[in-house]
Structure formats: C-alpha cells, structure tokens
Amino acid sequence: MGLDEAPHQGAQIEVRRSNRRRRTVSAYRDGDKTVVLIPAQMTRAEEKQWVDKMVARLAGQERKRRPDDEELSRRARDLSVRYFDGRAVPSSVRWVANQQTRWGSCTPVDGTIRISDRVRGMPEYVLDYVLLHELAHLLVPSHGPRFWELVSVYPKTERARGFLEGFASAGGGAAGDDAD
C-alpha cells in the first residue's frame, strides 16, 4: 500500500494493491483522499494508467452529481417546461451555503431560487423535487392545497420527501420539506 501524491490538482491518491484482486480496479473518495484499489500483479505503468482513468471517472461522477449554478438553472428551466408548461420562470437559481434548516428557498416577488449546498450529491430525483418545490412557489407562494397539487405532478414526490425526512432524521439537518 502506498500513498502517492499525484499530479491530479494536488489531490492525495492512495493506491492499495491486493493479492486477491485479479482483474478489477475500483476507486472511491475518502475525505480529501482518493483510494484506488488494484490487483497486486499490475505493473507501475498499468497502475498509472488506471489511477488516471479512475480519478477522471470519479471527477466526472462528482460533476454529474454536483451541478454548478449554471447547470442548476438549466435543470430548473427544464423541470418548469416539463411539469409546469414553462410557467415557472425564475430570475436566478443558485446554490447557497447559508441554509441550515431549509433544503431550498424562493422569493416569488423577484423570482430568485436558492438551493442549500446540503442537497449537492443527493440523488437526482431529490434535487429535482427540491427544485420543483421552489419553482411551484413562483406560481403559488403559500403551502396551500393548490401548491401541493402543483408539486404532486412530479412522480417521485413521495419518494423524495421520504429521502429528505430520513436524511434529516439521521442528523443531516433541515426540518420537513415544507420549511422553505
């Protein structure tokens, strides 16, 4: 087992060789460190190729799970078109780090939507639900029956709400999803 400092944006990479591993290579993040698991018989050249490949793969997966503000805005527009016939048009959609008791918030008067950084990395259907919840506030500011009727058009509403409730119960913060 060796801890290698790789030229991957200053990231720490730990390569773990295993005699039991024959063909498969896998990798995961452990805090700021990337751990790459490889067969013991692999050459140093093969190791380098696989480390490069696995670090790139992990980065791609993380980008997909953690969209930036521009991707978040595009996703909100797409959801509005798909579920609300494009009627919910936010002026801005962005990630914020200062929401510890809410998954998202919306200011209908100026059309701004803010999504808590804590939602980053959650399953896509959960992010979509949080975005739709906030988009619905552009059409109906309160949490009345008309609001919940709009939100319920999303087929994974109950599943996403269950995920968020479970996350909060497990110590992930935030009250119920109606606290925005």
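If one takes the longest principal axis of the Cα atoms in the chain, at what angle in degrees, from 0 to 90 and to the nearest 10, does the Cα axis of helix 44-65 lie?
Rounded to the nearest ten degrees, it is 0.
For the chain, what is the accessible area per residue in Å² when the probe is 1.4 Å?
Computed with neighbouring chains in place, this is 57 Å² per residue.
Using only the alpha-carbon atoms, how far is helix 69-84 inclined from the longest principal axis of the chain? Give it as 0 to 90 degrees, nearest 10.
With rounding to tens, the tilt is 50 degrees.
Taking amide H positions as placed in the peptide plane 1.01 Å from N, state which residues far from residue 104 in sequence (5 or more) or on other chains have amide H under 5 Å from it.
For residue 104, whose amide H was placed from the backbone, the distant partners under 5 Å are 116.
Determine, from the Cβ-Cβ distance of residue 23 and residue 61 and an R0 of 35 Å, the FRET efficiency 1/(1 + (r/R0)^6), rounded to the nearest 0.05.
Efficiency, from the Cβ-Cβ distance: 0.95.
Tell me what the chain gives for mean residue ellipticity at 222 nm when only DSSP H runs of n ≥ 4 count, each as -39,500 (n - 2.57), the sum divided by the residue total, rounded to 500 deg cm²/dmol.
-13000 deg cm²/dmol
What are the principal axis extents of the Cα atoms in the stretch 94-166, in Å, biggest first?
29, 28, 17
Round to the nearest 10 and give me the degree value, 0 to 90, for the angle of helix 124-139's Cα axis relative to the longest principal axis of the chain.
20
State the percent of C-alpha pairs, over all pairs in the chain, separated by a distance greater than 25 angstrom.
The calculated P(r) of the chain puts 46 percent of pairs beyond 25 Å.
Could you look at the chain and say what percent of its accessible area is carbon and sulfur, using a 1.4 Å probe and all protein chains?
49
As a test of reading the structure, rank 53, 33 by solvent-accessible area (1.4 Å probe, protein chains only), most first.
Most to least solvent-accessible, the answer reads 53, 33.
At 37 °C and 0.692 mPa s, what whole-number value in µm²/s does Stokes-Einstein give for the translational diffusion of the stretch 71-117, with Rh from the Kirkwood sum over Cα pairs?
The estimated diffusion coefficient comes to 299 µm²/s.
Could you give log10 I(q)/I(0) at q = 0.11, 0.20 Å⁻¹ for the stretch 13-83, computed by the Debye formula over C-alpha point scatterers of equal weight, without solvent?
-0.41, -0.80
The values are calculated or read from the model by the stated rules, or taken from the named source; none is laboratory data. The structure displayed is predicted, hence computed values, not measured ones. Using ideal geometry, Cβ is built from the backbone for each residue, glycine included, and neighbour counts are taken over all protein chains shown. Heads up: the accessible areas ignore ligands, DNA and RNA and are worked out on the full protein's heavy atoms, side chains in. Shrake-Rupley method; radii C 1.70, N 1.55, O 1.52, S 1.80 Å.
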